[in-house]
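Step one of this worksheet: look at the structure below.
The values are calculated or read from the model by the stated rules, or taken from the named source; none is laboratory data. Keep in mind that this is a model prediction, so the values were computed, not measured. Neighbour counts run over all protein chains shown; Cβ positions are idealised from the backbone, glycine included.
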Amino acid sequence: MRTRAIGLALLAAAIAVILQTTLFAQVRIFEVAPDLVMLTVIAVARRLDAEPAVLLGFTSGLAMDLLGSSPLGLRALVLTVIAYATVRTRDRFDINVLATGMAVVLLSLLGVVLIVVIGTLFGEASFRDPNVFRKILLIPVYNFVLAGAMFPLSTVVLLGRRRRELVL
Amino acid sequence: MLVVLVVLSFLLMTFDIRASGGGVAGTLREGTQAVFAPVQEFATSVISPVVDFVDGLANLAGLRDENETLRQRIAELEARIDEVGALEAELETLRSIADLTLPDESIPIKPARVIARGDNFDSSFTIDKGTRDGLVVGNPVVDENGALVGEVSIVTRDAASVVPIIRPTGAVIVESQTGEIGVVLGQGLAQLIFEVNPATEPVFADFLLRTAGSAKFPPGLPVAKVAESASPEAAKIRTEAIPLADFNRLKLVVVLQWTFSAEDQEEEKAPAGETPVEDAGAETGGT
(Lines give C-alpha, C1' and ligand atoms only; values in the text may rest on other atoms or scores of the structure.)
Protein backbone atom coordinates (compact mmCIF):
# COMPACT_ATOMS: atom_id res chain seq x y z
CA MET A 1 0.00 0.00 0.00
CA ARG A 2 2.79 2.36 0.99
CA THR A 3 4.81 1.56 -2.14
CA ARG A 4 1.72 2.06 -4.27
CA ALA A 5 1.09 5.48 -2.69
CA ILE A 6 4.69 6.55 -3.29
CA GLY A 7 4.52 5.38 -6.90
CA LEU A 8 1.29 7.27 -7.46
CA ALA A 9 2.74 10.34 -5.79
CA LEU A 10 5.75 10.26 -8.14
CA LEU A 11 3.44 9.85 -11.12
CA ALA A 12 1.34 12.82 -9.94
CA ALA A 13 4.50 14.91 -9.58
CA ALA A 14 5.67 13.97 -13.10
CA ILE A 15 2.28 14.92 -14.55
CA ALA A 16 2.36 18.19 -12.61
CA VAL A 17 5.83 19.01 -13.99
CA ILE A 18 4.67 18.37 -17.56
CA LEU A 19 1.48 20.42 -17.12
CA GLN A 20 3.42 23.24 -15.45
CA THR A 21 5.85 23.51 -18.38
CA THR A 22 3.26 23.11 -21.15
CA LEU A 23 -0.31 23.99 -20.13
CA PHE A 24 0.61 26.73 -17.67
CA ALA A 25 3.20 28.11 -20.08
CA GLN A 26 0.17 29.15 -22.16
CA VAL A 27 -2.51 29.74 -19.54
CA ARG A 28 -1.48 32.75 -17.52
CA ILE A 29 -4.03 35.01 -15.88
CA PHE A 30 -2.65 38.50 -15.24
CA GLU A 31 0.66 37.09 -16.55
CA VAL A 32 0.86 34.64 -13.65
CA ALA A 33 0.27 30.88 -13.65
CA PRO A 34 -0.52 28.64 -10.68
CA ASP A 35 2.39 26.65 -9.29
CA LEU A 36 0.92 23.22 -9.93
CA VAL A 37 4.08 21.38 -8.88
CA MET A 38 4.10 23.10 -5.49
CA LEU A 39 0.39 22.43 -5.04
CA THR A 40 0.89 18.77 -5.93
CA VAL A 41 3.68 18.47 -3.37
CA ILE A 42 1.43 20.02 -0.70
CA ALA A 43 -1.53 17.82 -1.65
CA VAL A 44 0.49 14.62 -1.74
CA ALA A 45 2.65 15.33 1.32
CA ARG A 46 -0.55 15.41 3.40
CA ARG A 47 -1.04 11.70 2.71
CA LEU A 48 2.53 10.37 2.80
CA ASP A 49 4.95 9.59 5.60
CA ALA A 50 7.50 12.27 6.40
CA GLU A 51 10.49 10.81 4.53
CA PRO A 52 8.75 9.95 1.26
CA ALA A 53 7.06 13.37 1.41
CA VAL A 54 10.28 15.38 1.61
CA LEU A 55 11.93 13.12 -0.98
CA LEU A 56 9.00 13.75 -3.30
CA GLY A 57 9.36 17.50 -2.75
CA PHE A 58 13.07 17.30 -3.52
CA THR A 59 12.55 15.15 -6.63
CA SER A 60 9.77 17.34 -8.03
CA GLY A 61 11.81 20.48 -7.47
CA LEU A 62 14.90 18.93 -9.00
CA ALA A 63 12.90 17.97 -12.11
CA MET A 64 11.75 21.58 -12.50
CA ASP A 65 15.32 22.80 -11.98
CA LEU A 66 16.63 20.37 -14.59
CA LEU A 67 14.04 21.49 -17.13
CA GLY A 68 14.72 25.18 -16.55
CA SER A 69 17.78 27.36 -16.36
CA SER A 70 17.68 28.65 -12.80
CA PRO A 71 20.29 27.31 -10.36
CA LEU A 72 20.06 23.55 -10.01
CA GLY A 73 18.69 22.83 -6.53
CA LEU A 74 16.70 26.05 -6.03
CA ARG A 75 13.25 24.54 -6.45
CA ALA A 76 14.46 21.25 -4.98
CA LEU A 77 15.32 23.12 -1.79
CA VAL A 78 12.08 25.11 -1.72
CA LEU A 79 9.81 22.14 -2.39
CA THR A 80 11.69 20.03 0.19
CA VAL A 81 10.98 22.72 2.77
CA ILE A 82 7.36 23.00 1.65
CA ALA A 83 6.88 19.23 1.88
CA TYR A 84 8.42 19.24 5.36
CA ALA A 85 6.25 22.18 6.46
CA THR A 86 3.18 20.36 5.12
CA VAL A 87 4.02 17.19 7.03
CA ARG A 88 4.63 19.13 10.25
CA THR A 89 1.40 21.13 10.04
CA ARG A 90 -1.03 18.72 8.39
CA ASP A 91 -2.68 17.68 11.65
CA ARG A 92 -3.61 21.29 12.29
CA PHE A 93 -4.93 22.16 8.86
CA ASP A 94 -6.81 18.95 8.19
CA ILE A 95 -9.53 20.13 10.59
CA ASN A 96 -11.89 21.63 8.03
CA VAL A 97 -12.08 23.08 4.52
CA LEU A 98 -11.32 26.62 5.62
CA ALA A 99 -8.21 25.61 7.56
CA THR A 100 -7.03 23.50 4.63
CA GLY A 101 -7.55 26.40 2.22
CA MET A 102 -5.67 28.78 4.49
CA ALA A 103 -2.84 26.26 4.78
CA VAL A 104 -2.55 26.02 0.99
CA VAL A 105 -2.39 29.81 0.72
CA LEU A 106 0.22 30.13 3.47
CA LEU A 107 2.38 27.23 2.26
CA SER A 108 2.26 28.50 -1.33
CA LEU A 109 3.12 31.99 -0.12
CA LEU A 110 6.07 30.57 1.83
CA GLY A 111 7.22 28.64 -1.24
CA VAL A 112 7.02 31.60 -3.59
CA VAL A 113 8.79 33.91 -1.13
CA LEU A 114 11.53 31.29 -0.67
CA ILE A 115 12.00 30.98 -4.45
CA VAL A 116 12.31 34.76 -4.75
CA VAL A 117 14.61 35.24 -1.75
CA ILE A 118 16.91 32.26 -2.29
CA GLY A 119 16.88 32.87 -6.05
CA THR A 120 17.98 36.44 -5.44
CA LEU A 121 20.78 35.24 -3.15
CA PHE A 122 21.94 32.94 -5.96
CA GLY A 123 21.93 35.63 -8.66
CA GLU A 124 18.43 35.32 -10.08
CA ALA A 125 17.52 38.98 -9.40
CA SER A 126 13.87 38.02 -8.91
CA PHE A 127 13.17 41.17 -6.89
CA ARG A 128 13.91 43.31 -9.94
CA ASP A 129 10.93 41.80 -11.74
CA PRO A 130 8.16 44.45 -11.68
CA ASN A 131 5.62 41.63 -11.47
CA VAL A 132 7.26 39.95 -8.48
CA PHE A 133 4.69 41.11 -5.92
CA ARG A 134 1.82 40.23 -8.25
CA LYS A 135 3.31 36.74 -8.54
CA ILE A 136 3.80 36.45 -4.79
CA LEU A 137 0.16 37.36 -4.22
CA LEU A 138 -1.53 35.58 -7.12
CA ILE A 139 0.22 32.20 -7.07
CA PRO A 140 -1.15 31.32 -3.59
CA VAL A 141 -4.62 32.47 -4.69
CA TYR A 142 -4.53 30.36 -7.85
CA ASN A 143 -3.22 27.39 -5.87
CA PHE A 144 -6.06 27.87 -3.38
CA VAL A 145 -8.59 27.67 -6.24
CA LEU A 146 -6.93 24.63 -7.81
CA ALA A 147 -6.69 22.93 -4.40
CA GLY A 148 -10.48 22.56 -4.47
CA ALA A 149 -10.04 19.93 -7.18
CA MET A 150 -6.56 18.70 -6.38
CA PHE A 151 -6.99 17.80 -2.70
CA PRO A 152 -10.04 15.52 -3.00
CA LEU A 153 -8.48 13.90 -6.06
CA SER A 154 -5.15 13.27 -4.33
CA THR A 155 -6.90 11.83 -1.28
CA VAL A 156 -8.99 9.45 -3.35
CA VAL A 157 -6.05 8.39 -5.50
CA LEU A 158 -3.56 7.91 -2.67
CA LEU A 159 -5.87 6.41 -0.06
CA GLY A 160 -8.16 4.50 -2.38
CA ARG A 161 -11.91 4.34 -2.65
CA ARG A 162 -12.26 3.18 0.94
CA ARG A 163 -11.25 6.59 2.16
CA ARG A 164 -13.58 8.72 0.10
CA GLU A 165 -15.00 10.12 3.30
CA LEU A 166 -11.65 11.77 3.90
CA VAL A 167 -11.66 13.73 0.68
CA LEU A 168 -11.25 16.95 2.60
CA MET B 1 16.58 13.50 5.86
CA LEU B 2 15.44 17.13 5.64
CA VAL B 3 18.86 18.44 6.57
CA VAL B 4 20.56 16.15 4.05
CA LEU B 5 18.28 17.28 1.23
CA VAL B 6 18.60 20.96 2.15
CA VAL B 7 22.39 20.72 2.26
CA LEU B 8 22.35 18.79 -1.03
CA SER B 9 20.23 21.52 -2.61
CA PHE B 10 22.64 24.23 -1.52
CA LEU B 11 25.59 22.19 -2.81
CA LEU B 12 23.86 21.68 -6.16
CA MET B 13 23.16 25.41 -6.47
CA THR B 14 26.73 26.29 -5.60
CA PHE B 15 28.26 23.76 -8.00
CA ASP B 16 25.82 24.71 -10.77
CA ILE B 17 26.67 28.38 -10.50
CA ARG B 18 30.39 27.69 -10.34
CA ALA B 19 30.15 25.41 -13.40
CA SER B 20 28.05 28.04 -15.26
CA GLY B 21 25.52 25.42 -16.25
CA GLY B 22 28.12 23.00 -17.58
CA GLY B 23 29.69 19.92 -16.04
CA VAL B 24 27.60 17.29 -14.33
CA ALA B 25 24.63 19.65 -13.99
CA GLY B 26 24.64 20.26 -17.73
CA THR B 27 24.74 16.53 -18.41
CA LEU B 28 21.86 15.97 -15.97
CA ARG B 29 19.85 18.72 -17.65
CA GLU B 30 20.47 17.17 -21.08
CA GLY B 31 19.34 13.78 -19.82
CA THR B 32 16.19 15.14 -18.19
CA GLN B 33 15.32 17.15 -21.25
CA ALA B 34 15.81 14.14 -23.50
CA VAL B 35 13.27 12.29 -21.38
CA PHE B 36 10.72 15.08 -20.97
CA ALA B 37 10.93 16.83 -24.37
CA PRO B 38 8.89 14.25 -26.36
CA VAL B 39 6.22 14.22 -23.65
CA GLN B 40 6.17 18.02 -23.49
CA GLU B 41 5.91 18.24 -27.27
CA PHE B 42 2.98 15.82 -27.27
CA ALA B 43 1.31 17.65 -24.36
CA THR B 44 1.70 21.01 -26.13
CA SER B 45 0.20 19.64 -29.34
CA VAL B 46 -2.81 18.39 -27.36
CA ILE B 47 -3.17 21.40 -25.07
CA SER B 48 -2.70 24.24 -27.59
CA PRO B 49 -5.94 23.67 -29.57
CA VAL B 50 -7.87 23.31 -26.30
CA VAL B 51 -6.41 26.53 -24.92
CA ASP B 52 -7.16 28.34 -28.19
CA PHE B 53 -10.73 27.06 -28.06
CA VAL B 54 -11.20 28.17 -24.45
CA ASP B 55 -9.70 31.54 -25.31
CA GLY B 56 -12.25 31.83 -28.08
CA LEU B 57 -15.12 31.09 -25.69
CA ALA B 58 -13.76 33.49 -23.10
CA ASN B 59 -13.87 36.29 -25.66
CA LEU B 60 -17.63 35.94 -25.90
CA ALA B 61 -18.40 37.39 -22.49
CA GLY B 62 -19.96 40.50 -24.06
CA LEU B 63 -22.67 38.51 -25.84
CA ARG B 64 -24.41 37.14 -22.75
CA ASP B 65 -27.58 39.16 -23.32
CA GLU B 66 -28.35 37.50 -26.61
CA ASN B 67 -30.45 34.38 -26.80
CA GLU B 68 -28.90 31.02 -26.05
CA THR B 69 -29.04 29.58 -29.53
CA LEU B 70 -27.50 32.62 -31.08
CA ARG B 71 -24.84 32.66 -28.41
CA GLN B 72 -23.91 29.08 -29.06
CA ARG B 73 -23.80 29.69 -32.77
CA ILE B 74 -21.65 32.75 -32.30
CA ALA B 75 -19.45 30.86 -29.87
CA GLU B 76 -18.81 28.19 -32.45
CA LEU B 77 -18.10 30.75 -35.14
CA GLU B 78 -15.91 32.82 -32.86
CA ALA B 79 -14.01 29.73 -31.82
CA ARG B 80 -13.47 28.88 -35.46
CA ILE B 81 -12.41 32.43 -36.22
CA ASP B 82 -10.01 32.30 -33.31
CA GLU B 83 -8.62 29.03 -34.58
CA VAL B 84 -8.25 30.51 -38.04
CA GLY B 85 -6.84 33.69 -36.49
CA ALA B 86 -4.28 31.68 -34.57
CA LEU B 87 -3.38 29.78 -37.73
CA GLU B 88 -3.13 33.03 -39.69
CA ALA B 89 -0.90 34.50 -37.00
CA GLU B 90 1.28 31.42 -37.16
CA LEU B 91 1.32 31.60 -40.95
CA GLU B 92 2.28 35.25 -40.75
CA THR B 93 5.11 34.37 -38.38
CA LEU B 94 6.28 31.63 -40.74
CA ARG B 95 6.16 34.09 -43.64
CA SER B 96 8.23 36.52 -41.61
CA ILE B 97 10.71 33.76 -40.93
CA ALA B 98 10.82 32.85 -44.62
CA ASP B 99 11.46 36.51 -45.49
CA LEU B 100 13.92 36.98 -42.65
CA THR B 101 17.01 38.80 -43.82
CA LEU B 102 20.01 38.46 -41.58
CA PRO B 103 23.07 40.72 -41.62
CA ASP B 104 25.05 37.69 -42.73
CA GLU B 105 22.93 35.70 -45.17
CA SER B 106 25.43 32.87 -45.30
CA ILE B 107 24.37 31.73 -41.82
CA PRO B 108 22.01 28.73 -42.09
CA ILE B 109 18.80 29.11 -40.11
CA LYS B 110 16.46 26.59 -38.52
CA PRO B 111 12.92 27.63 -37.49
CA ALA B 112 11.75 26.03 -34.25
CA ARG B 113 8.59 25.90 -32.14
CA VAL B 114 8.54 26.71 -28.44
CA ILE B 115 7.26 23.58 -26.72
CA ALA B 116 7.79 24.35 -23.05
CA ARG B 117 8.71 27.15 -20.69
CA GLY B 118 10.04 27.53 -17.18
CA ASP B 119 7.75 28.55 -14.35
CA ASN B 120 6.86 32.06 -13.19
CA PHE B 121 10.43 32.81 -12.15
CA ASP B 122 12.29 31.17 -15.04
CA SER B 123 12.36 32.84 -18.48
CA SER B 124 14.12 30.01 -20.30
CA PHE B 125 12.21 27.88 -22.79
CA THR B 126 12.50 24.65 -24.76
CA ILE B 127 12.30 24.35 -28.56
CA ASP B 128 11.51 21.34 -30.71
CA LYS B 129 14.81 21.19 -32.58
CA GLY B 130 17.98 19.45 -31.42
CA THR B 131 21.20 17.86 -32.57
CA ARG B 132 19.20 15.90 -35.16
CA ASP B 133 18.57 19.25 -36.88
CA GLY B 134 22.17 20.36 -36.55
CA LEU B 135 21.83 22.55 -33.47
CA VAL B 136 24.76 22.93 -31.11
CA VAL B 137 25.25 24.67 -27.77
CA GLY B 138 25.85 28.39 -28.29
CA ASN B 139 23.74 28.82 -31.42
CA PRO B 140 22.10 32.27 -31.32
CA VAL B 141 18.29 32.39 -31.37
CA VAL B 142 16.26 35.22 -32.92
CA ASP B 143 12.55 35.92 -33.28
CA GLU B 144 10.68 36.06 -36.59
CA ASN B 145 11.86 39.64 -37.13
CA GLY B 146 15.50 38.78 -36.55
CA ALA B 147 15.66 40.35 -33.09
CA LEU B 148 18.04 38.56 -30.73
CA VAL B 149 16.25 36.30 -28.23
CA GLY B 150 19.08 34.33 -26.62
CA GLU B 151 21.27 31.34 -27.17
CA VAL B 152 21.00 27.58 -27.08
CA SER B 153 22.30 26.33 -23.74
CA ILE B 154 21.50 22.63 -23.78
CA VAL B 155 20.87 20.39 -26.79
CA THR B 156 19.50 16.90 -26.94
CA ARG B 157 18.64 14.90 -30.02
CA ASP B 158 15.12 16.29 -30.39
CA ALA B 159 15.03 19.45 -28.30
CA ALA B 160 17.07 22.32 -27.01
CA SER B 161 16.96 24.77 -24.12
CA VAL B 162 17.23 28.47 -24.88
CA VAL B 163 18.51 30.96 -22.34
CA PRO B 164 17.12 34.40 -23.16
CA ILE B 165 19.20 37.59 -23.03
CA ILE B 166 16.90 39.00 -20.32
CA ARG B 167 18.30 36.52 -17.78
CA PRO B 168 20.08 38.33 -14.94
CA THR B 169 23.36 36.71 -15.89
CA GLY B 170 22.95 37.61 -19.57
CA ALA B 171 25.26 40.08 -21.28
CA VAL B 172 25.49 40.98 -24.96
CA ILE B 173 28.14 43.19 -26.51
CA VAL B 174 26.38 45.73 -28.71
CA GLU B 175 27.08 48.68 -30.93
CA SER B 176 24.89 51.78 -30.62
CA GLN B 177 24.00 54.09 -33.49
CA THR B 178 26.88 56.35 -32.48
CA GLY B 179 29.26 53.49 -33.26
CA GLU B 180 30.35 53.10 -29.67
CA ILE B 181 30.60 49.63 -28.22
CA GLY B 182 28.70 48.84 -25.04
CA VAL B 183 27.11 45.96 -23.25
CA VAL B 184 23.47 45.09 -22.68
CA LEU B 185 22.85 43.39 -19.35
CA GLY B 186 19.87 41.16 -18.54
CA GLN B 187 17.69 42.03 -15.58
CA GLY B 188 15.52 38.95 -15.35
CA LEU B 189 12.54 40.75 -16.89
CA ALA B 190 11.53 42.50 -20.10
CA GLN B 191 14.01 45.29 -19.50
CA LEU B 192 17.74 45.58 -20.03
CA ILE B 193 20.55 47.83 -18.89
CA PHE B 194 22.76 49.40 -21.55
CA GLU B 195 26.26 50.37 -20.44
CA VAL B 196 29.02 52.11 -22.38
CA ASN B 197 32.38 52.52 -20.74
CA PRO B 198 34.29 54.52 -21.86
CA ALA B 199 31.63 56.70 -23.54
CA THR B 200 32.16 59.91 -25.44
CA GLU B 201 28.84 60.39 -27.24
CA PRO B 202 25.36 60.69 -25.70
CA VAL B 203 22.73 58.09 -26.61
CA PHE B 204 19.13 58.98 -27.29
CA ALA B 205 15.83 57.20 -26.76
CA ASP B 206 14.94 54.76 -29.56
CA PHE B 207 18.57 54.33 -30.60
CA LEU B 208 18.86 50.84 -32.03
CA LEU B 209 21.41 48.53 -30.42
CA ARG B 210 22.87 45.74 -32.55
CA THR B 211 25.28 42.96 -31.70
CA ALA B 212 28.84 44.13 -32.19
CA GLY B 213 30.23 40.74 -33.13
CA SER B 214 31.84 38.59 -30.50
CA ALA B 215 32.43 35.02 -29.48
CA LYS B 216 28.73 34.60 -28.68
CA PHE B 217 26.79 36.39 -31.40
CA PRO B 218 27.45 37.40 -35.01
CA PRO B 219 27.49 41.14 -35.71
CA GLY B 220 24.48 43.18 -36.81
CA LEU B 221 21.62 41.40 -35.04
CA PRO B 222 19.12 43.89 -33.59
CA VAL B 223 18.93 43.48 -29.81
CA ALA B 224 17.15 46.38 -28.13
CA LYS B 225 16.19 50.03 -28.24
CA VAL B 226 17.44 52.63 -25.80
CA ALA B 227 14.58 53.56 -23.49
CA GLU B 228 15.96 56.75 -21.98
CA SER B 229 18.42 59.26 -23.40
CA ALA B 230 21.65 59.54 -21.45
CA SER B 231 24.88 61.50 -21.61
CA PRO B 232 28.32 60.34 -20.50
CA GLU B 233 29.02 60.90 -16.83
CA ALA B 234 32.58 60.24 -15.78
CA ALA B 235 33.04 58.79 -19.29
CA LYS B 236 30.33 56.21 -18.61
CA ILE B 237 26.75 55.75 -19.78
CA ARG B 238 24.25 53.54 -17.99
CA THR B 239 20.65 53.62 -19.12
CA GLU B 240 17.68 51.36 -19.69
CA ALA B 241 16.94 49.51 -22.94
CA ILE B 242 13.89 47.62 -24.13
CA PRO B 243 14.47 44.28 -25.90
CA LEU B 244 13.00 44.08 -29.39
CA ALA B 245 11.81 40.50 -28.93
CA ASP B 246 8.57 39.92 -27.01
CA PHE B 247 9.60 37.13 -24.67
CA ASN B 248 6.08 36.47 -23.35
CA ARG B 249 4.62 35.73 -26.76
CA LEU B 250 7.30 33.68 -28.46
CA LYS B 251 5.82 30.64 -30.18
CA LEU B 252 8.16 30.31 -33.12
CA VAL B 253 11.82 31.26 -33.15
CA VAL B 254 14.74 30.94 -35.52
CA VAL B 255 18.00 29.29 -34.56
CA LEU B 256 21.07 30.62 -36.33
CA GLN B 257 23.43 27.74 -36.95
CA TRP B 258 26.40 29.92 -36.20
CA THR B 259 29.25 29.38 -33.81
CA PHE B 260 32.28 31.53 -33.28
CA SER B 261 35.46 30.58 -35.07
CA ALA B 262 38.90 32.16 -35.00
CA GLU B 263 38.68 32.66 -38.76
CA ASP B 264 35.64 34.88 -38.31
CA GLN B 265 37.58 36.96 -35.87
CA GLU B 266 40.50 37.27 -38.30
CA GLU B 267 38.15 38.32 -41.12
CA GLU B 268 36.61 40.96 -38.90
CA LYS B 269 39.99 42.27 -37.88
CA ALA B 270 41.70 42.31 -41.24
CA PRO B 271 39.68 44.66 -43.49
CA ALA B 272 38.84 47.41 -41.04
CA GLY B 273 41.96 47.23 -38.95
CA GLU B 274 39.90 48.29 -35.99
CA THR B 275 40.42 47.40 -32.39
CA PRO B 276 38.70 44.10 -31.63
CA VAL B 277 35.86 44.02 -29.16
CA GLU B 278 37.22 43.73 -25.67
CA ASP B 279 36.05 41.14 -23.22
CA ALA B 280 34.37 39.14 -25.96
CA GLY B 281 35.02 36.00 -24.03
CA ALA B 282 33.27 37.42 -20.99
CA GLU B 283 29.99 37.83 -22.83
CA THR B 284 27.41 35.31 -21.80
CA GLY B 285 23.83 34.45 -22.31
CA GLY B 286 23.62 33.23 -18.76
CA THR B 287 23.32 29.93 -17.04
| query | Could you count how many residues in the stretch B:15-30 are in a helix (DSSP H, G or I), at the interface with chain A (Cβ under 8 Å from one of its Cβ atoms) and either of a type in the set (S, T, N, Q) or under 17 Å from A:LEU67 (Cβ atoms) (or both)? | reply | 4
| request: Within the stretch B:4-19, identify whether any single residue is closer than 24 Å to B:THR169 by Cβ and in contact (Cβ under 8 Å) with a residue 60 or more places away in the chain, and answer yes or no. | output: yes
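Can you spot a residue in the stretch A:60-78 that is β-branched (Val, Ile, Thr) and more than 9 Å from chain B (Cβ to nearest Cβ)?
no
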| remark: Every listed condition ((1) in a loop (DSSP other than H, G, I, E, B); (2) closer than 20 Å to A:VAL145 by Cβ) holds for A:GLU124 save (2)
| said: Within the stretch B:190-209, take every residue that is within 20 Å of the chain's Cα centre (by Cα) and without any contact (Cβ under 8 Å) to a residue 40 or more places away in the chain and give me the one that is farthest from A:GLY123 (Cα to Cα). | reply: B:LEU208
| task | Quick one: count up the residues across the stretch A:8-23 that are among the hydrophobic types (A, V, I, L, M, F, W, C) and facing chain B (nearest Cβ under 9 Å). | result | 5
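How many residues does the stretch B:238-260 contain that are touching a Ser or Thr at 6+ places or on another chain (Cβ under 8 Å) and modelled with pLDDT of 90 or more? Lay out the reasoning, then the answer.
Start the filter on the stretch B:238-260 by keeping residues that are touching a Ser or Thr at 6+ places or on another chain (Cβ under 8 Å), which leaves B:239, B:247, B:251-252, B:260.
Subset that is modelled with pLDDT of 90 or more: B:239.
Of the residues in that region, 1 qualify.
May I ask you to say which residue of A:ALA85, A:ALA103 is part of a helix (DSSP H, G or I), on the phi < 0 side of the Ramachandran plot, within 12 Å of chain B (Cβ to nearest Cβ) and of a type outside the set (Val, Ile, Thr)?
Numbers: A:ALA103 fails: within 12 Å of chain B (Cβ to nearest Cβ).
Among A:ALA85, A:ALA103, only A:ALA85 is part of a helix (DSSP H, G or I), on the phi < 0 side of the Ramachandran plot, within 12 Å of chain B (Cβ to nearest Cβ) and of a type outside the set (Val, Ile, Thr).
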| query | What residue, among those in the stretch B:156-189 that are more than 28 Å from B:ARG132 (Cα to Cα) and facing chain A (nearest Cβ under 9 Å), is modelled with the lowest pLDDT? | reply | B:LEU189
| B:ALA112 fails exactly one of the following numbered conditions: (1) more than 13 Å from B:LEU256 (Cα to Cα); (2) modelled with pLDDT of 80 or more. What is the number of that condition? | (1)
| note | Condition set surrounded by fewer than 22 Cβ atoms within 10 Å (Cβ to Cβ) and within 14 Å of chain A (Cβ to nearest Cβ), scope the stretch B:125-151, selection nearest to B:ALA215 (Cα to Cα): answer is B:VAL137
| task | Go through the stretch A:24-54 and give me each residue that's without any contact (Cβ under 8 Å) to a residue 40 or more places away in the chain, within 7 Å of chain B (Cβ to nearest Cβ), crowded, with 20+ Cβ neighbours inside 10 Å and out of contact with any strand residue (DSSP E or B) (no Cβ under 8 Å at 6 or more places or on another chain). | result | A:VAL54
| field | Which listed residue, of B:ASP55, B:ASP82, B:ASP65, is assigned to a loop (DSSP other than H, G, I, E, B) and either touching a helix residue (DSSP H, G or I) at 6+ places or on another chain (Cβ under 6 Å) or modelled with pLDDT under 80 (or both) | value | B:ASP65
| request: Could you name every one of the strands (runs of 3 or more DSSP E) located completely within the stretch B:137-254 that has at least 3 residues being under 22 Å from B:ASP122 (Cα atoms)? | output: B:140-142, B:148-155, B:160-164, B:181-189, B:191-196, B:237-243
